[in-house]
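A.B. asks: Shown below is the structure under consideration.
The values are calculated or read from the model by the stated rules, or taken from the named source; none is laboratory data. Note that the structure is a prediction, hence the values are computed from the model and not measured. Cβ sites come from the backbone with ideal geometry, for glycine too, and all protein chains shown count toward neighbours. Quick note on the areas: whole protein, heavy atoms, side chains included, nothing else; ligands and nucleic acids left out. Shrake-Rupley method; radii C 1.70, N 1.55, O 1.52, S 1.80 Å.
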Amino acid sequence: MEPKHKEILRAQRLQLSEQLVVDDTVIQYLYQEGILTESQVEEIQSQPSNRNKTLRLLAILPGRGPLAFGAFLRSLEQDFPWVREKLLLLSAATDDSATLSDPSAASGGLKGRAEVVSTEPEKHPEVKPDSTTHGFSFHSPLVSPGEEKENAS
């Protein structure tokens with residue numbers, strides 16, 4: 001997994017643990033794709049709460065190779081598309097901050113302070129600097145997850 005993806009997962013750890021239910025589709029997809037081993041699936045599923053299951057998954061994922069982040073994003077497509085979109089935007093914002101700001105920011109990961117504003121606000125939240133989330137926060141339009149699916153069609 002790329003360092004920027006590890007940093008995104010670390011920075012979003014608590015938010016992800018509050019929003020995701022990884023017990024069903026997410027874990028099974030990652031197992032199917034060879035990202036998780038059977039023993040890792042059992043270890044995650046043995047956790048007493050969903051929050052602990054998600055935190056355990058997030059602790060395991062960074063060490064599961066270069067395909068782990070992409071597979072994790074694909075595992076979120078069906079049940080958690082808004083979470084997937086947020087992670088994609090953070091990843092893109094990290095790339096943009098390295099190219100839009102000075103060259104020394106390229107080595108700073110999420111610490112670059114370039115402002116990224118989407119050209120399609122109805123589909124993509126606006127990303128702005130914020131010290132509480134390693135430089136980025138989301139200002140989403142007032143659309144519920146169900147409405148996002150309808151708008152995407």
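A.B. asks: Is at least one residue of region 83-95 among the polar types (S, T, N, Q) and open to solvent by less than 30 Å² (accessible area, probe 1.4 Å)?
C.D. replies: So the first thing to find is which residues in region 83-95 are among the polar types (S, T, N, Q), and the list is 91, 94.
Next cut, open to solvent by less than 30 Å² (accessible area, probe 1.4 Å) only: 91, 94.
Yes, there is a match, as at least one residue in region 83-95 is among the polar types (S, T, N, Q) and open to solvent by less than 30 Å² (accessible area, probe 1.4 Å).
A.B. asks: Something else now. Please find, within region 10-45, the residue that is nearest to residue 81 (Cα to Cα) out of those that are charged (D, E, K, R) and assigned to a helix (DSSP H, G or I).
C.D. replies: Within region 10-45, the subset charged (D, E, K, R) is 10, 13, 18, 23-24, 33, 38, 42-43.
With assigned to a helix (DSSP H, G or I) added as a condition, the list becomes 10, 13, 18, 38, 42-43.
Numbers: 10: 19, 13: 17, 18: 15, 38: 26, 42: 25, 43: 26 Å.
Filtering region 10-45 for residues that are charged (D, E, K, R) and assigned to a helix (DSSP H, G or I), the one nearest to residue 81 (Cα to Cα) comes out as 18.
A.B. asks: Right, next: Which residues, taken from region 86-110, are under 22 Å from residue 23 (Cβ atoms) and either at pLDDT below 55 or not hydrophobic (A, V, I, L, M, F, W, C) (or both)? Lay out the reasoning, then the answer.
C.D. replies: From region 86-110, those under 22 Å from residue 23 (Cβ atoms) are 86-87; that's our starting set.
86 - this is the single residue of region 86-110 that is under 22 Å from residue 23 (Cβ atoms) and either at pLDDT below 55 or not hydrophobic (A, V, I, L, M, F, W, C) (or both).
A.B. asks: Pairs please, first residue from region 1-29 and without any contact (Cβ under 8 Å) to a residue 24 or more places away in the chain and closer than 16 Å to residue 46 by Cβ, second anywhere and open to solvent by less than 50 Å² (accessible area, probe 1.4 Å) and in a helix (DSSP H, G or I), Cβ atoms under 9 Å, 6+ apart in sequence or on different chains.
C.D. replies: Qualifying pairs under 9 Å: 28/41; 28/75.
A.B. asks: From the residues in region 73-82 that are assigned to a loop (DSSP other than H, G, I, E, B) and of a type outside the set (D, E, K, R), which one is least open to solvent (accessible area, probe 1.4 Å)?
C.D. replies: 80
A.B. asks: A further question on this structure: When you go through (1) part of a helix (DSSP H, G or I); (2) free of Cβ contacts under 8 Å to residues at least 60 places away in the same chain; (3) open to solvent by 50 Å² or more (accessible area, probe 1.4 Å) one by one for residue 48, which number turns out not to apply?
C.D. replies: Failed condition: (1).
A.B. asks: Just wondering, is there one or more residues in region 55-72 that are surrounded by fewer than 17 Cβ atoms within 10 Å (Cβ to Cβ) and under 12 Å from the mean Cα position of the chain (by Cα)? Show your work before the answer.
C.D. replies: We begin by selecting, within region 55-72, every residue surrounded by fewer than 17 Cβ atoms within 10 Å (Cβ to Cβ); these are 59, 63, 65-67, 70.
Retained after the next criterion (residues that are under 12 Å from the mean Cα position of the chain (by Cα)): 70.
The answer is yes, given that some residue of region 55-72 is surrounded by fewer than 17 Cβ atoms within 10 Å (Cβ to Cβ) and under 12 Å from the mean Cα position of the chain (by Cα).
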